[in-house]
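We did not get these values from a lab; they are worked out from the coordinates using the rules stated. No experiment lies behind these values; they were computed from the predicted model shown. Here Cβ is always computed from backbone atoms with ideal geometry, including for glycine, and neighbour counts include all displayed protein chains.
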Amino acid sequence: MDEIDRAILRELQADGRIAYADLGPKVGLSASAARQRLQRLLDSRAVQVVGVTDPMAMGGQAMALLGITVDGDVRTVADELARHPEVVYAVLTSGGFDLFAEVVAPGPRELLDFVNDVVRPVDGVERIQSFPYFGIHTHRFLWDVG
């Protein structure tokens, strides 16, 4: 990734819907060259351009971070949890937990059902500690791209 790629990413972080006609001049390229550069970043999967929601702001939803201790291969447990749409991300970690999973459910009862009936029975799950969300204070996707 070179400086032009990083400039494109900075512009996308400011406005993910920027037109190529506006993006190109801001990063020192023509619109078509900016489109080609961005397409290369998308094709390599280094970048995704998506709409991000705040499930808590959408109302009627429950979220929690699950701290999971695993007995066995943590990747196998993460793969199993990732199959479920309620899991919006899973992070392999170390320390007190082997895996963190952020979960979104339609409501508190469904969140409990998911943790108890889906996560707990997964082979290798030894212990779960649930951290329910009362609200999302900060939600940013601005990575330092230099």
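If you place +1 on the Cβ of every Lys and Arg, -1 on the Cβ of every Asp and Glu, and leave all else neutral, what size is the dipole of the stretch 62-132 about its Cα centre, to the nearest 20 Debye? Could you put the intermediate results ahead of the total?
Details: 5 positive and 12 negative charges, 36 e Å.
So the magnitude is around 180 debye.
If we count other beta carbons within 10 Å of each Cβ, what is the order of Met63, Met1, fewest first? Before the final figure, lay out each step's value.
On the way: Met63 20, Met1 13.
Listed from fewest to most nearby Cβ atoms, that is Met1, Met63.
Taking the Cα-to-Cβ direction at Gln39 and at Glu110 and moving 7 Å from each Cα, how far apart do the two end points lie in nm?
Using points 7 Å along Cα→Cβ, the separation is 3.9 nm.
In 10 Å bins starting at zero, report the fraction of Cα pairs in the chain per bin as a rounded %.
Result returned by the calculation: 10, 31, 24, 22, 11, 1.
Within the chain, which is the longest segment containing none of the trypsin sites (Lys or Arg not before Pro) that sit in a DSSP loop and have at most 14 other Cβ atoms within 10 Å?
On the way: sites that count: Arg17, Arg45, Arg83, Arg140.
Value returned for the longest uninterrupted segment is 84-139.
Taking just the alpha carbons, could you work out the radius of gyration and Dmax for the stretch 62-132, both in angstroms?
Over the stretch 62-132's Cα set, Rg and Dmax evaluate to 10.8, 31 Å.
Find the Cα radius of gyration of the stretch 3-43, compare it with 2.2 N^0.38 Å by division, and give the number to two decimals. Please report the intermediate quantities before stating the final value.
Numbers: Rg = 8.7 Å, N = 41, 2.2 N^0.38 = 9.0 Å.
Output field value: 0.96.
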